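Q: Submitted below is the structure of interest, expressed as structure tokens.
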Amino acid sequence: MEKNSPTASTGKVRLANCLVTAALLFGSAASFAQAAAPAGAIADCTECHGSDGLGFKPGVPHINGQAEGLLGNMLNAFREGKRSTNVKTHRDIAAANVAPLAKHYAEQKAQRPKSATKPELVARGETLYQNRCADCHLDNGRDSDKEAPLMAAQDMTYLVAQTLAFKSGERKFPFLMDGAYKDLSDDDLTAIAHFFAAQDQVAPQTGRKRRR
Ligand code: HEC
Ligand code: HEC
């Protein structure tokens, strides 16, 4: 699917304009900061994640509909150097912008474009997912809470890279996830990534109540 269609980018520009207008209408910057991310802070992210949270190119994750608390944790991990990143903007996020940015992207309900997945890998990944990953990545990866991310319809290039990054040690395992990875090969893990990427992204569309 073509992600950067003119309609999609017009939508992004329109939203950015709305936010600027809203910022002006709401008056004082201090009171506005409680309600939404400053438009300037979101502008630092749109080049790659859009204002609607959809990644613009393979390898950039979709961050729309991700649970607010988890997004805040992710941004703090980047800022504090607990999660390595090549993106300078991630390291430079101002502490005061973490909560409003997390709120903004958690509220985005855009439909994630599906990556091309291989059916035989999706089938193999499903069995592995049920046995190894389903306890925490609930509902085929569609459930997002403050601990585990929304995985459904995530960008495949990003998913494969991150799935392998835990195995290689480039990214630190969260509590107990290392046990789930025991004896899985790179091919097994790639199949699980295909399975997650192939799922319909239901939760953010329906606005289903998330666990806290
Ligand atoms: C130059 C492109 C670029 C910019 C600008 C950028 N990001 Fe990212 N973002 C990425 C890439 C690539 C990743 C994948 C991990 C990595 O390489 O750090 C990522 C990962 C993330 C993640 C982790 C998602 C997950 O599922 O673990 C979050 C959250 C995020 N970005 C939020 C933001 C926010 C908020 C901003 C603006 C302040 C921003 N990013 C600016 C490219 C970018
Ligand atoms: C004990 C709970 C648990 C199990 C079991 C588990 N995970 Fe996770 N997983 C997590 C948590 C918590 C995070 C969030 C980590 C973070 O933010 O750094 C996570 C994050 C991830 C991410 C990063 C997603 C992103 O957007 O950055 C990938 C990929 C992943 N898990 C794959 C797997 C796979 C594959 C399995 C099964 C082999 C699995 N996990 C089993 C708890 C678990």
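Bear in mind these aren't lab numbers, they're just calculated from the coordinates by the rules spelled out. Computed from a predicted structure; not experimentally measured. Reconstructed Cβ throughout: ideal geometry from the backbone, glycine too, with neighbour counts over all protein chains shown.
Q: For ALA123 and ALA96, compute 0.36 nm times the residue count separating them, minus their Cα-Cα distance, and round to one decimal in nm.
A: Numbers: separation 27, 0.36 × 27 = 9.72 nm, distance 4.36 nm.
Roughly 5.4 nm would be gained on extension.
Q: Sorted from fewest to most neighbouring beta carbons within 10 Å, what does the list LEU138, LEU176 look like? It would help to have the intermediate numbers written out before the result.
A: Working: LEU138 16, LEU176 9.
With the fewest neighbours first, LEU138, LEU176 line up as LEU176, LEU138.
Q: When MET74, MET151, MET177 are ordered from fewest to most other Cβ atoms inside 10 Å of their Cβ, what list results?
A: Details: MET74 20, MET151 26, MET177 15.
Ascending number of Cβ neighbours within 10 Å: MET177, MET74, MET151.
Q: List, largest first, the extents of the alpha carbons of segment 119-206 along their principal axes, each in whole Å.
A: Extents along the principal axes: 35, 31, 23 Å.
Q: Same structure again: Which one of GLN130, PHE175, LEU164 has its Cα pushed farthest toward the positive end of the charge dipole of segment 119-206, where Lys and Arg give +1 and Asp and Glu give -1 at the Cβ?
A: PHE175
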